[in-house]
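Asker: The structure follows.
The values are calculated or read from the model by the stated rules, or taken from the named source; none is laboratory data. Just so it is clear, the model here is predicted, and its values are computed rather than measured. Glycine also receives a Cβ, built like all others from the backbone with ideal geometry; neighbour counts cover every protein chain displayed.
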Amino acid sequence: MSFNKNTLRYLYNNGWKFLPITLIAGIALAFSGNLSGAVHFFFDMELNASSVWNIYAHFSLLTSRSWLVGILTAIILLFEISLLYGILDRHLRVGTFSYKKPLVSLNDTVMTTVPIVFASMILLELCAFLTSAVILLVAKTALIMTLPISIAVTILIFTLMIFAIVEFILIIPAMQIVGYPFKDAFIFSTKLLSGKVKKIVFDFTLLIIISVLISWLFSLLFDGLILTLCVDTILYTFMLMYIPIYSMLVFYELTNEQRRDINQNKKSYLI
């Protein structure tokens, strides 16, 4: 079974249980970053490419509307993803879905999750800034094909970023489930990903493209900030559930670890 099918099946059975956690982070992300901001930028590039900071506002996930909102969103994300991985770890290993026990052991989860998530956010923002700087340079110097070159540069940088992030997606499961320190977890995850990187990059890219296009189409068809925020909240919430679940299930599949949740879906309970 493909990684995507495994993830969607798990979400179908258990996704609603994660909503109390991921919805708050999804709302925060919707307020801090416009999901389809990059698409809107290219449709009016001549006007938007006035400065590197104006371009960056269209590409940034955390600071497109406000630096303060971005910082608060980052803090919420670090807490939410740490808790989510703790809940996933318990559900997949024990077979029971619990909010309480992962909260009790949150300190341990934070130690394995926060550095990776924080590094991923920094990488995302650096890529957004680098893309903005290169686009501004192209806009100021290129005499022809400014738009195609800018789009090609954006695709290239963000594809390389996804490749880099994919190299880290199994480190958190390796540290949580196996108990490896970071260096050993990185080596172990790299071996597990051998021959699988392109497939996972494709899955992540497809998820992002579909989400961005949905956000963009809704913003075109229906005018209004509130509706845009609602649609982006739904999409961000879904991605915040999808990516951690995807990474954990990929780890279980590649290591042949036994999942305890499969036969417990009807019996799993909230504590």
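Asker: One residue is enough: does the stretch 93-116 have a residue meeting the conditions within 30 Å of HIS40 (Cβ to Cβ) and touching a residue at least 60 places away in the same chain (Cβ under 8 Å)?
Answerer: Within the stretch 93-116, the first condition is being within 30 Å of HIS40 (Cβ to Cβ), and the residues that meet it are none.
No - not one qualifying residue is present in the stretch 93-116.
Asker: Test GLY70 against the criterion of being modelled with pLDDT under 90 and closer than 19 Å to ILE135 by Cβ, and give yes or no.
Answerer: Against the criterion (modelled with pLDDT under 90 and closer than 19 Å to ILE135 by Cβ), GLY70 does not qualify.
Asker: Are any residues in the stretch 59-80 touching a residue at least 60 places away in the same chain (Cβ under 8 Å) and either in contact with a His (Cβ under 7 Å, 6 or more places away or on another chain) or assigned to a loop (DSSP other than H, G, I, E, B) (or both), and if so, which ones?
Answerer: Correct list: SER60, LEU61, LEU62, THR63.
Asker: Here's something else I'd like to know. Considering only residues that are modelled with pLDDT of 85 or more and of a type in the set (D, E, K, R), look in the stretch 218-256 and name the one that is surrounded by the most Cβ atoms within 10 Å (Cβ to Cβ).
Answerer: Result: ASP232.
Asker: Additional query: Does VAL197 satisfy the criteria of being of a type in the set (A, V, I, L, M) and within 30 Å of PHE31 (Cβ to Cβ)?
Answerer: Judged against the criteria, VAL197 is not a match.
Asker: Determine, yes or no, whether ASP89 is acidic (Asp, Glu) and either touching a strand residue (DSSP E or B) at 6+ places or on another chain (Cβ under 8 Å) or more than 22 Å from LEU23 (Cα to Cα) (or both).
Answerer: no
Asker: Only one of SER60, SER82, SER98 is farther than 21 Å from ILE177 by Cα and not basic (Lys, Arg). Can you tell me which?
Answerer: It is SER60.
Asker: How many residues are surrounded by fewer than 18 Cβ atoms within 10 Å (Cβ to Cβ), more than 18 Å from LEU123 (Cα to Cα) and in contact (Cβ under 8 Å) with a residue 60 or more places away in the chain if we restrict to the stretch 47-58?
Answerer: The qualifying residues number 1.
Asker: Take SER189 and tell me if it is more than 24 Å from THR113 (Cβ to Cβ) and in a helix (DSSP H, G or I). Walk me through how you get there before you give the answer.
Answerer: Values: more than 24 Å from THR113 (Cβ to Cβ): no; in a helix (DSSP H, G or I): yes.
The answer is no for SER189.
Asker: Under 6 Å between Cβ atoms, which residue pairs at least 6 apart in sequence (or on different chains) link something in the stretch 179-190 that is over 13 Å from GLU167 (Cα atoms) with a partner that is basic (Lys, Arg) and surrounded by fewer than 18 Cβ atoms within 10 Å (Cβ to Cβ)?
Answerer: Pairs found: none.
Asker: Okay, next question. Determine whether GLY195 is loosely packed, with under 15 Cβ neighbours inside 10 Å, small (Gly, Ala, Ser) and within 21 Å of PRO115 (Cβ to Cβ).
Answerer: It is false that GLY195 is loosely packed, with under 15 Cβ neighbours inside 10 Å, small (Gly, Ala, Ser) and within 21 Å of PRO115 (Cβ to Cβ).
Asker: Show the residue pairs meeting these rules: Cβ distance below 9 Å; 6+ apart or different chains; first residue within the stretch 1-14 and crowded, with 17+ Cβ neighbours inside 10 Å; second residue not in a helix (DSSP H, G or I).
Answerer: PHE3/LYS196; TYR10/ASP261; ASN14/PHE97; ASN14/ASP261; ASN14/ASN265; ASN14/SER268
Asker: Another question, then. Can you name every one of the helices (runs of 4 or more DSSP H) wholly within the stretch 81-172 that holds 3 or more residues which are among the β-branched types (Val, Ile, Thr), surrounded by 18 or more Cβ atoms within 10 Å (Cβ to Cβ) and modelled with pLDDT of 90 or more?
Answerer: 106-141, 146-166
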